[in-house]
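No lab work stands behind these numbers, since they all come straight from the coordinates. For clarity, every value in this text was computed on a predicted model and none was experimentally measured. So basically every Cβ, Gly included, is an ideal-geometry build from the backbone, and we count neighbours across all protein chains shown.
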Amino acid sequence: NTPLREYTAKLGKNIGLALGTYRYDCSRDDGETGIAGREFDMLVGENEMKFDATEPNRGEFNFGGSDAVMWVADRFNQEVRGHTLAWHQQVAKWVSEDGKKNNNNFSRRELLDILKNHIFTVVGKYKGRIREWDVCNEVLDDDQSIVRTNPNAYKLRPSIWATYIGEEFIDSAFVWAHQADPQAKLYINDYGVEFMGNTKTEAYHNLIKRLKKSRLPIDGCGLQCHLTTGQLDTLKLEKNIKRYAELGMNCIITELDIALANPYAENALDIQAKEYGAITRVFLRNDNCPSMLVWGVSDNHSWRKNNPLLFDKNLKAKPAYYNVHAQL
Ligand code: XIL
């Protein structure tokens, strides 16, 4: 069976995955790490490059996990996506108890300094070695009903950064990341922004248009694609991806998984396979979609329930895997 990465490489694209270092088992070829190395040529640390992992104490950086990601990627000759710099979750406790509260009473100036130092140190550490960074993750509020009355609007989610710095944290984060590694491609990433027409999808497009207009160094946007069977609308997904090409931007699939809708249909695995196949075709036929990444290897170790990944609990390839393969 030819690995997925061999096909996508011929098309100049990458097929990737998230792998947590807790799954690293390089002593055997048939474990999750072995599958990851054989099938995929792009790697993202599932948690290893997040704020709480890399700067657990103020000014004290821990690159143990992120170095392990780099090590695995080197060993398997994989590109690396860095994930993520400014997010409201998995923020170190010393910054904010819950990613939202300013329980340490930092001033705006201090928070800017904290974010700046974090970005310069982490991005600088891997300068030239990480192909692209998710600079900002999930900055949009889930409620974007505001676009119904104002078609160019968007609303930020409350977070330690958005509430206590203001929207400028986004602009600054992109500028700092670019200064720290001018070669790295810079992305914004979010969920619920996959299908054209949905209010959050429109808000995402509005925010990104604003960032482009402000001439920020932003190369693309990520659609996480944490889906459940029955949700995929291929046409709306493709329309959405295409309009980012008009902005001169990439639009990639960053965290794909498709959980089986509950209760399971008799042919649930085939439905899942069909949807994985359909997304793969969208990925393949759009030039501004150079990569597609799944969020984990097997149903054994997914952050979600209901068997959303390409390999089952025994690490056997599922119909979904074979149908991705069949499109290549
Ligand atoms: C998840 C990881 O998979 C879990 O291990 C962790 O406990 C929580 O975060 N969107 C993102 C990812 O951008 O960082 C999240 O990863 C899943 C949702």
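Worth a mention:
- In degrees, nearest ten, helix 64-75 long axis to first principal axis of the chain (Cα): 40
- Given their separation in residues at 0.36 nm each and the Cα-Cα distance between them, TRP303 and ARG243 gain 18.5 nm when the chain is fully extended.
- Considering only alpha-carbon pairs that sit under 8 angstrom and 6 or more positions apart, the relative contact order computed for the chain is 15 percent.
- 19 Å cut-off, amide nitrogen to a point 7 angstrom out along GLU60 Cα→Cβ, residues in the range 73-93: 91-93
- The chain - mean residue ellipticity at 222 nm from DSSP helices (-39,500 (n - 2.57) per run, n ≥ 4, rounded to 500): -11500 deg cm²/dmol
- Relative to the longest principal axis of the Cα atoms of the chain, helix 268-285 runs at roughly 60 degrees.
- Extension gain for ASN103-ALA9 works out to 29.1 nm (0.36 nm per residue, less the C-alpha to C-alpha distance).
- Protection-proxy order for peptides 309-318, 165-174, each taking the mean of Cβ atoms within 10 Å per residue, highest first: 165-174, 309-318
- To the nearest ten degrees, helix 234-246 and the longest principal axis of the Cα atoms of the chain are 50 degrees apart.
- Alpha-carbon centroids, the range 126-156 and the range 41-70: separation in whole Å: 22
- Value of relative contact order over the range 252-328, rounded to a whole percent, pairs C-alpha under 8 Å and six or more apart: 39
- DSSP bridge analysis restricted to the chain gives an antiparallel fraction near 10%, rounded to the nearest 5.
- Relative contact order of the range 45-84, defined on C-alpha pairs under 8 angstrom at six or more residues apart (%): 48
- Diffusion coefficient, µm² s⁻¹, Stokes-Einstein with Kirkwood Rh over alpha-carbon pairs of the chain at 10 °C and 1.306 mPa s: 79
- Estimated distance in nm for a label pair at TRP71 and GLU168, the labels positioned 7 Å out from Cα along Cα-to-Cβ: 4.2
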